[in-house]
Amino acid sequence: MQPGRLDHVGIAVTDLAAARALYERVLGLEVTHEEVIEDQGVHELLLRAGDAYVQLLSTRDPDSPVGRFLARRGEGVHHVGYAVPDVAAAVADLRAQGFEVIDPAPRIGSGGTTIAFLHPKSMQGVLVELVEEGTGHRG
């Protein structure tokens with residue numbers, strides 16, 4: 001697997017409006033995409049930061065992965081996303097190499113992207129998201 005550019009850093013927050021105001025005021029970032037992803041139980045904002053994004057994530061379901069993360073660890077970096085040309089091929093390659101994946105098959109993410117997550121156990125404690133650009137508009 002050959003990852004491309006850093007796509008985004010996902011940050012779990014308890015108050016999405018307050019986090020947005022902070023990132024806009026302090027860093028001058030602007031929201032380029034907003035979406036509620038019901039099947040993942042999150043409300044997200046993407047703020048462009050150069051060639052990548054800061055993804056602010058708030059939970060809509062305390063039993064969702066982000067909800068459990070916030071309950072256990074509080075606010076902070078949740079995951080790092082890397083662009084790949086083909087998520088399905090990347091997942092197959094990584095599984096063949098013995099990496100533990102959370103998503104054995106790709107699924108749809110925000111803005112029509114195709115995504116899959118690698119388990120932190122395989123990535124030195126970091127949750128890694130693989131992102132293939134889709135047909136939606138992310139900014």
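The values are calculated or read from the model by the stated rules, or taken from the named source; none is laboratory data. In this text, all values refer to a predicted model and were calculated from it rather than measured experimentally. Every residue, glycine among them, receives a Cβ derived from its backbone with ideal geometry; neighbour counts consider all protein chains shown.
Applying the criterion of at least 2 residues that are farther than 18 Å from VAL131 by Cα to the strands (runs of 3 or more DSSP E) found wholly in the stretch 8-120 leaves 52-59.
Going through (1) touching a residue at least 60 places away in the same chain (Cβ under 8 Å); (2) out of contact with any helix residue (DSSP H, G or I) (no Cβ under 6 Å at 6 or more places or on another chain) one by one, VAL13 falls short only on (2).
Looking at the stretch 128-136, can you tell me whether even one residue there is farther than 12 Å from GLY10 by Cα, hydroxyl-bearing (Ser, Thr, Tyr) and not in a loop (DSSP other than H, G, I, E, B)? Checked against the condition, which is being farther than 12 Å from GLY10 by Cα, hydroxyl-bearing (Ser, Thr, Tyr) and not in a loop (DSSP other than H, G, I, E, B), the stretch 128-136 yields no hits at all. Quick check on the stretch 70-83. Is at least one of its residues over 14 Å from the mean Cα position of the chain (by Cα), closer than 14 Å to VAL42 by Cβ and either modelled with pLDDT under 95 or crowded, with 17+ Cβ neighbours inside 10 Å (or both)? Checked the stretch 70-83: at least one residue is over 14 Å from the mean Cα position of the chain (by Cα), closer than 14 Å to VAL42 by Cβ and either modelled with pLDDT under 95 or crowded, with 17+ Cβ neighbours inside 10 Å (or both). A residue that is surrounded by fewer than 14 Cβ atoms within 10 Å (Cβ to Cβ), in contact with a helix residue (DSSP H, G or I) (Cβ under 7 Å, 6 or more places away or on another chain) and modelled with pLDDT of 95 or more occurs nowhere in the stretch 112-121. Within the stretch 19-45, residues that are free of Cβ contacts under 8 Å to residues at least 60 places away in the same chain and at negative phi have Cβ atoms under 8 Å from residues that are assigned to a helix (DSSP H, G or I) and among the aromatic types (Phe, Trp, Tyr) in these pairs: LEU29/TYR23, counting only partners at least 6 apart in sequence or on another chain.
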